1. Residues of the stretch 15-73 being part of a helix (DSSP H, G or I), within 19 Å of G4 (Cα to Cα) and charged (D, E, K, R), which ones?
2. Restricting to the stretch 4-14, what's the tally of residues that are assigned to a loop (DSSP other than H, G, I, E, B) and free of Cβ contacts under 8 Å to residues at least 12 places away in the same chain?
3. Residues in the stretch 36-73 that are open to solvent by 70 Å² or more (accessible area, probe 1.4 Å) and not β-branched (V, I, T): how many?
4. Taking M1 and the conditions (1) among the aliphatic types (A, V, I, L, M); (2) open to solvent by 60 Å² or more (accessible area, probe 1.4 Å); (3) assigned to a helix (DSSP H, G or I), which numbered condition does it fall short on, given that it satisfies the others?
5. Select, from T48, T68, T62, T23, the only residue that is touching a residue at least 24 places away in the same chain (Cβ under 8 Å) and not acidic (D, E).
Amino acid sequence: MPKGITIDPEIQHGQPVVAGTRTPIVVILSSLASGMTKEEVMKDYDLTEENMRDVMAYAAQTIELERTYSISA
């Protein structure tokens, strides 16, 4: 896990967040997916370039670990 991401059951119900904040990774990614620019997200959530790199690294690692399975009918 990137150093700038934390998971703590006491913060946001254990969702991964940007370290030192209560901003969930899913909120940042959803904001980007909805059309906000990186700069808008950084400003709205008071994030740095390094925070954004950590978010993207976490997302990439999570997807890399995801496994899909085909189920035949």
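The values are calculated or read from the model by the stated rules, or taken from the named source; none is laboratory data. A quick note: this is a predicted structure, and the numbers were derived from the prediction, not measured. Cβ sites come from the backbone with ideal geometry, for glycine too, and all protein chains shown count toward neighbours. Just the protein is used for accessible areas: all its heavy atoms, side chains included, with ligands, DNA and RNA removed. Shrake-Rupley method; radii C 1.70, N 1.55, O 1.52, S 1.80 Å.
1. Passing the criteria: K38, E39, K43, D44, E49, E50, R53, D54, E64.
2. So the answer is 5.
3. 20
4. Every listed condition holds for M1 apart from (3).
5. Among T48, T68, T62, T23, only T23 is touching a residue at least 24 places away in the same chain (Cβ under 8 Å) and not acidic (D, E).
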